[in-house]
Amino acid sequence: MKALSQRRRHPLAAIALLLLGLLVTGGLYAVAGTVNEAKAQTTTYSAQDVEQGEKLFVANCATCHGINAVGAEPGAHGFQAGPSLIGVGAAAVDFQVGTGRMPMQMSGPQAQVKPKQFDEEQTRQLAAYVASLGAGPAVPSEEVLDTTKGNAAKGGELFRTNCAMCHNAAAAGGALTRGKFAPALGGVTGEHIYEAMVTGPQNMPVFNDANISPEGKRDIITFLHTIEEQGSPGGAALGSLGPVSEGLLLWTGGLAVIIGFTIWLTQRSS
Amino acid sequence: MGDHSHGDPNTSGTVATAGQAEVEKFQDPGLPPHRPRLADKDPRAEKRAERQVAILFAISMLGTLLFFVGYFAIQLDETTAISTLRLQNLLLGMGTAFAMFGIGIGIVHWAKTLMPDHEVAEERHEIRPEEDRQVAEKMIGQILDESGIKRRPLIRNTLIGAGVLAILPAIGIFRDLSQNLNPDILRQTMWAKGVRLARDPEGTPIKAADVTMGSAFHVIPEGLNDLHEGKLEAKAKAVVLLMRLDPADLNISPGREDWNYNGIVAYSKICTHVGCPVALYEQQTHHLLCPCHQSTFDLTHECKVIFGPAARPLPQLPITVDSEGYLVAQSDFHSPVGPSFWERG
Amino acid sequence: MSATSSTENYVPKTSVGRIANFVDSRTGGSAMVKELGRKIFPDHWSFMFGEVALYSFVILLLSGTFLTFFFNPSMAETHYTGSYVPLQGVEMSVAYASTLDISFDVRGGLFMRQVHHWAALLFVASVSVHMLRVFFTGAFRRPRELNWVVGGVLLILALAAGFTGYSLPDDLLSGNGLRIIDGVIKAIPLVGTYISMLLFGGEFPGTAIVGRLYVLHILLVPAMILLMIAIHLFMLIVHKHTQYPGPGRTENNVVGYPVGPVYAAKAGGFFFIVFGVVALLAANFQILPIWDYGPYDPSPISAGTQPDWYIGFVDGALRLMPGVIGNFPFEFVILGHTLSLNVLLPALVPAGILFTLLFTWPWIERWVTRDDREHHLLDRPRNAPTRTGIGVAGVIWYCVMWAAASSDLIATHFHVSLNDVTYWLRVLFFLGPIVGYIVAKRIALALQRKDREIALHGRETGRIVRLPHGEFIEVHEPLDDYHQFRLVNFESPEVLPAQPDANGRISGKEKLRGRLSRLFFEDRVAPVTPAELEAAHEHGHHPAIEETAAETAAETQVTGR
């Protein structure tokens, strides 16, 4: 039953798609001036981290994002332009690289989740390098991710107002325009949810700390983890997709069983 | 293959006068001979069927038992885990299912194997025999005649008039289903000059500096949460989506130049199609998408419709900042929010 | 006096007999038993859907009554204090809170809610399938036209019952559904705004709507459904059931099993089976998890906001309609009044066309065929190719709109663009029914030809025999009389050209009728006649020339015109 109720939104064919201007936001941070991010740079990175990160960056990311991460024009080799990464912060790197969205395998409407290509240490080093280029949101601290201190009911209200329209009220994901989509949130770590909110990956809007406070974000993460852990009280959740999957089950499963019975019932006994 | 399978398309006659076709019809061989069942021929099979039916009824009893196990063994209180509730639902449901299936399948099995299975033919009768019609016609004629309704048109006509009028109160009395029937209330919202933009649902005001590039704030008018009456009605019209774009991306039409504040724009969240909240903001394409019917609005072109069933752009709320740096409305919306209505004009 | 004396003559011997006699002598129960006790009902699996509908309605009454004991249809504000943690302290309506209480704090409440909702989905589905069966087999023909109309009214009442119930829990999903209804109502010219305000008691959402829908849902609509069911069943008894054609089955009889005991046992047992299926669904599959959606609030919305399946086709039509084509918006301001065709057209026109055709179809077909006879024998769908084609076209048209209601889920689950799904479905909206009509009609005709083949030459056995001169042939096994009769005994109407009236003129209406008659019956496969079979058999002694024999037989028939 548990298995049935799992949200099955992980794309099976892990086609990784090229990220379109993911970090325009971040770039614009630098231009527009940052707000409420003063406490962002709490994690400290050593100079060695930055140096290692730069090496990894040049080897793996500079094709699209340009040397020194200033962004690139569409290249002659068919590579899409990557946005400038100055000011996107360590959180953006940790989210994009940590969920496998970066580096992208191919271009498309939206970067897809796939097995990550860098281990934690390498991700940290990349984050350190990008963070060194300009001030931006940092990787969240343990404190703001501690769901034992969060309030699921408050988080639920915030989630429904700010997130449910794209991600579905039960966090099962939903469609956006022209092939883009808001992913399901089952199985996503609190850290990545937090980072997505502060950095606004791809077409997701940014929810800075002035919009949803760090405590509010913790409440949202608490809510998501609560509904994921508790499961569905009424049986298999049918993907939490609402009336469509219910209607589909009724017409295929329910009615098929009934028709089976009617055939048996009207058949002559042997 | 094809040719000889075609029938003749144009022989003769119509369906209604297909009398001559009758001769060409096949003889009805009648009901096929009755084929005895196993239980009819073999007493052992009969006994077996009997046992099966009894077992099915016994399964039903076990199902009922299972229901009560689920009902009494699991108590619901504040500490009940969701998984416990699911277990109870499963036990109650499977108990009921077995109880019902046991009885149902048992009875049907009984009917199929042990009750006589000779098909019986019953003659159909005319739905309306002619003599009945004649009797009824005569009776109605007599009734009409005795009542005199045909002979006395004055009575008939006044009765019709009275009857028609008597229905009117039954319709009119529903007028007070709504105390207010003025469509103009659809034109006003809580927004007015100087009303601060506040976060939904907390109701805290928003500073212009809070709205960074790429942000989307869900906004209500300040003071909405303090309303005691009509809160949801006010909210249903007043909700606004607040976003910040690069001012260079905005294509502003004449007269709206000062409706945004440094690229911060506020638009009604209520779809102009049928009123769902248009809340899906794509911060790179600057599209707003309605999740109900997929109307898509282009924020860079003042929320012009670029896809889907909506026909009008979302109304824009003119905003500015007050002396403390908080975002405030310059006025109410300049056109009614939400779906069209006849009196909208 | 004589009645009294006859009862005095009869003295029951057992106590049961005494009770029965007491009731009978005061109600005339014997007459009812005499009329219904051995009434014959034919047996076929496709005849059972009406029963499924009836039984799901009974389940709805039972489970619904349970729910009314705990549900409170008030839209007053409250703060949730029940046991579902992620909503504790949240502001909501009393209706929503009481639905949460039913789900989390009443033992068996969640199960009953799920039973009620699954039974509701099944109710509308079985009504629909039942109507499709009646349509495709021609069971709506005289004398059953009025019962077909009653069935159509029942379908509309079922939709009304479903929709009013869907809106009661006052959750986010149903609230947004109501808001869509409000938007559609407001688009109605002249009176729309007033209807909306009367319905909601002022502005949307107001505090009245749940209470009002509740009364409609538990009182008015079910009462009307019960009344219609009573009429429906009364007419069923008057008409007696239809039957499929076959040996021994004629227009003048009905062949099957008597009510007592076989049919009553099967039908009675089937109630428990339907209940079992619903219980199985309710035990294992969650339906309408209102706690996921949260209480209604006009600001939030969930991705994937859809109505229950039976309203889906209207929602899909709303999605398919473009609001603006090029620079041409489908909304006009005429003399200071707004006309929203982008809402009105999709909301009213497809449903209007479907229901108008549904209600008038028996008369349309009667007019085209000029067939006013009573029909108690059903058509196999293949033997009425045009009707089958038109039915399939309707079904496909419906299904395209239905699919459009889940365009966003199609997009995410098949990894395609939402916009492309809409574009494709817009094309299918127009092309789908046409293709469906042609394909279904051709398939029906092909099946008729196959029937002809089998009737003329028998069944293919798969045995290959080598003839002395070296030719290989497949042995065909002739049918027995009963199977043969099934394949040859059907009516095949022919084109009835426009007929001049008494003045010798052909009116425009009659010309149209003639054209429709040609559309209906121009392509037709006639049933095998005894003469054809005879001819086929004469040559049939030598299987090798069987094929040619049939060829000749058909030739004979064609030249015989």
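Listing for the model above:
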quantity: Packing rank of B:314-327, A:185-198, C:116-129, where each peptide gets the mean count of other beta carbons within 10 Å, highest leading; calculated: C:116-129, A:185-198, B:314-327
quantity: Distant alpha-carbon pairs in region C:257-303 (separation over 18 angstrom), percent; calculated: 59
quantity: Partners for C:Lys509 among lysines (Cα-Cα distance below 30 Å; same-chain residues under 8 apart left out); calculated: C:Lys441
quantity: Dmax and Rg, reported as Rg then Dmax, of region C:345-496 (C-alpha, Å); calculated: 22.3, 72
quantity: Estimated FRET transfer efficiency (C:Glu91, C:Leu226; beta-carbon r; R0 35 Å; 0.05); calculated: 0.35
quantity: Cβ crowding within 10 Å averaged over residues, with B:250-263, C:308-321 ranked highest first; calculated: C:308-321, B:250-263
quantity: Qualifying lysines (Cα of each under 20 Å from Cα of C:Lys186; at least 8 residues distant if same chain); calculated: B:Lys235, B:Lys237, B:Lys269
quantity: DSSP H segments from chain B that extend 30 Å or more along their own axis, Cα-based, with Kyte-Doolittle mean of -0.5 or above; calculated: B:43-73, B:82-113
quantity: Neighbour-count ranking [beta-carbon atoms within 10 angstrom, fewest first] of B:Arg152, C:Arg144; calculated: B:Arg152, C:Arg144
quantity: Per-residue mean of C-beta atoms belonging to partner chains within 10 Å, peptide B:302-310; calculated: 6
quantity: Quarter of Cα convex hull surface for region B:38-113, i.e. mean projection, nm²; calculated: 5.2
quantity: FRET efficiency estimate (nearest 0.05) - Cβ-Cβ, B:Val120 to C:Asp372, R0 30 angstrom; calculated: 0.50
quantity: Greater than 24 Å apart at Cα, pairs in A:Lys116/A:Lys149; B:Lys41/C:Lys266; B:Lys138/C:Lys39; calculated: A:Lys116/A:Lys149; B:Lys138/C:Lys39
quantity: For region A:114-143 and region C:368-418, distance of Cα centres in Å; calculated: 56
quantity: Kirkwood hydrodynamic radius of region B:186-344, Cα pairs, Å; calculated: 15.5
quantity: Debye log10 I(q)/I(0) at q = 0.12 Å⁻¹ for region A:140-239, Cα point scatterers; calculated: -0.36
quantity: Rounded D (µm²/s) - region C:2-155, Kirkwood Rh over Cα pairs, Stokes-Einstein at 25 °C, 0.890 mPa s; calculated: 120
quantity: Kirkwood hydrodynamic radius (C-alpha pairs) into Stokes-Einstein, chain C, 20 °C and 1.002 mPa s, D in µm²/s; calculated: 76
quantity: Packing-based order for C:478-484, C:12-18, using average beta carbon neighbours within 10 Å, highest first; calculated: C:478-484, C:12-18
quantity: Over chain B: Rg over Rh, Cα atoms, Kirkwood Rh; calculated: 1.25
quantity: Residues B:Lys207 and C:Ile364, FRET efficiency given R0 of 56 Å [Cβ-Cβ distance, rounded to 0.05]; calculated: 0.25
quantity: For the protein assembly as shown, the fraction of alpha-carbon pairs in successive 20 Å shells from zero, as %; calculated: 10, 33, 32, 19, 6, 0
quantity: Cα Rg over Rh - region A:44-138, Kirkwood; calculated: 0.95
quantity: Footprinting exposure proxy for C:Glu491, A:Glu229 (fewest neighbouring C-beta atoms within 10 Å first); calculated: A:Glu229, C:Glu491
quantity: Average other protein chain Cβ within 10 Å of Cβ, residues C:173-186; calculated: 5
quantity: CD proxy at 222 nm, helix term only [per DSSP H run n ≥ 4: -39500 (n - 2.57); per residue of the protein assembly as shown; nearest 500]; calculated: -15500 deg cm²/dmol
quantity: Ascending count of other beta-carbon atoms within 10 Å, so fewest first, for A:Asp219, C:Asp101; calculated: C:Asp101, A:Asp219
quantity: Theoretical gain in end-to-end length, C:Thr356 to C:His415 [0.36 nm per residue, Cα-Cα removed]; calculated: 17.5 nm
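No value in this document is a laboratory result; all are computed from the given coordinates. Please read these numbers as outputs of a predicted model, since none were measured by experiment. Because the Cβ atoms are built from the backbone with ideal geometry, glycine has one as well, and the counts that use them run over all protein chains shown.
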